[in-house]
1. What number of residues in the range 134-161 are part of a strand (DSSP E or B) and in contact with a strand residue (DSSP E or B) (Cβ under 7 Å, 6 or more places away or on another chain)?
2. Please specify each residue of the range 22-31 satisfying the condition of being out of contact with any Phe, Trp or Tyr (no Cβ under 6 Å at 6 or more places or on another chain), buried (at least 24 other Cβ atoms within 10 Å of the Cβ) and not in a loop (DSSP other than H, G, I, E, B).
3. Within the range 44-59, restricting attention to residues that are buried (at least 24 other Cβ atoms within 10 Å of the Cβ) and either of a type outside the set (G, A, S) or under 24 Å from A182 (Cβ atoms) (or both), which residue is farthest from the chain's Cα centre (by Cα)?
4. Taking A164, is it assigned to a helix (DSSP H, G or I), touching a Gly at 6+ places or on another chain (Cβ under 6 Å) and at pLDDT 95 or above?
Amino acid sequence: MKKTAWVTGASSGIGAAIALALAEKGYNIAVGCHSEGSIERGGGDVARQCQALGVEAQCFVGKVEDFDVCGGMVSEIVARFGGIDLLVNNAGVTRDGLIARMSEQNFDEVIDVNLKGAFCAIRHVSPLMMKKRSGKIINIASIVGVTGNAGQSNYAASKGGLIALTKSVARELGGRGITCNAIAPGFIETKMTAPVSEKAIEATINATALGRVGKPEEIAHAAVFLAENDFITGQVLVVDGGLSI
């Protein structure tokens with residue numbers, strides 16, 4: 001029986017790349033989509049591409065930051081695939097701005113989706129994994145969750161919190177055979193980073209040891225590595241091209 005991976009925020013970018021990479025490894029894929037529009041904007045294509053790789057795949061729609069909705073999605077995925085062996089918390093948003101002018105709404109929304117959403121997913125999936133005494137959780141954080149970043153206090157706080165959540169969950173669930181790790185990407189070329197100015201991108205490239213931005217597939221490779229390892233837990237795998245050194 002094939003294992004099943006639920007990848008939140010998988011309609012494009014890093015999430016889509018991770019879904020496809022896991023499908024190549026034989027996982028059935030639950031493609032997490034925030035809304036019906038997410039299916040139209042790419043989630044449906046991701047599911048079809050996964051199916052073309054010989055696995056089962058289906059889109060599941062809902063806001064992970066809504067506790068009850070998230071629980072409903074988990075129930076739907078289990079009914080469809082029989083269980084969840086791997087959870088990848090990738091859903092995330094940005095609402096950048098300087099702290100002196102940041103609105104409460106922009107702070108709350110980023111924390112809700114990026115951090116509370118991961119909590120909700122882990123909270124609903126972990127009992128299933130505990131019952132089987134096996135499972136893997138991978139949280140997609142960010143290098144700014146380690147270093148901080150001007151103009152992204154909300155995003156950095158959400159990702160720093162996600163790293164702390166990762167370590168705590170790893171300690172709690174390790175005795176049940178469940179691993180929990182985080183990946184901290186640097187600047188990755190996606191729709192989320194598309195609005196960034198050329199000047200800012202150039203500055204980031206100049207500060208990166210490898211002299212370029214990253215690709216979603218390079219984060220996907222890291223996710224596959226963690227998915228296939230049974231003795232790594234509570235760790236933050238930095239994949240930033242040397243931006244933070």
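The values are calculated or read from the model by the stated rules, or taken from the named source; none is laboratory data. What you are looking at is a predicted structure, and each value in this text was computed from that prediction instead of being measured. For neighbour counting, all protein chains shown are included, and Cβ atoms are generated from backbone atoms with ideal geometry for every residue, glycine included.
1. Within the range 134-161, the first condition is being part of a strand (DSSP E or B), and the residues that meet it are 135-140, 152.
Retained after the next criterion (residues that are in contact with a strand residue (DSSP E or B) (Cβ under 7 Å, 6 or more places away or on another chain)): 135-140.
Of the residues in that region, 6 qualify.
2. First, pick out the residues of the range 22-31 that are out of contact with any Phe, Trp or Tyr (no Cβ under 6 Å at 6 or more places or on another chain): 22-27, 29, 31.
Those still in the list that are buried (at least 24 other Cβ atoms within 10 Å of the Cβ) too: 22-23, 27, 29, 31.
Across the range 22-31, the qualifying residues are L22, A23, I29, V31.
3. Here is the first cut: in the range 44-59, the residues buried (at least 24 other Cβ atoms within 10 Å of the Cβ) are 46-47, 50, 57.
Now drop any that are not either of a type outside the set (G, A, S) or under 24 Å from A182 (Cβ atoms) (or both), which leaves 46, 50.
Working: V46: 15, C50: 18 Å.
Looking at the filtered set, the residue picked out is C50.
4. Values: assigned to a helix (DSSP H, G or I): yes; touching a Gly at 6+ places or on another chain (Cβ under 6 Å): no; at pLDDT 95 or above: yes.
No: the conditions fail for A164.
Here is a yes/no grid of residues against (1) in contact with a strand residue (DSSP E or B) (Cβ under 6 Å, 6 or more places away or on another chain); (2) within 28 Å of H221 (Cβ to Cβ); (3) basic (K, R); (4) not in a helix (DSSP H, G or I):
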{"residue": "K2", "(1), (2), (3), (4)": "yes, yes, yes, yes"}
{"residue": "A10", "(1), (2), (3), (4)": "yes, yes, no, yes"}
{"residue": "I18", "(1), (2), (3), (4)": "yes, yes, no, no"}
{"residue": "V46", "(1), (2), (3), (4)": "yes, yes, no, no"}
{"residue": "C50", "(1), (2), (3), (4)": "yes, yes, no, no"}
{"residue": "V74", "(1), (2), (3), (4)": "no, yes, no, no"}
{"residue": "A91", "(1), (2), (3), (4)": "no, yes, no, yes"}
{"residue": "D108", "(1), (2), (3), (4)": "no, no, no, no"}
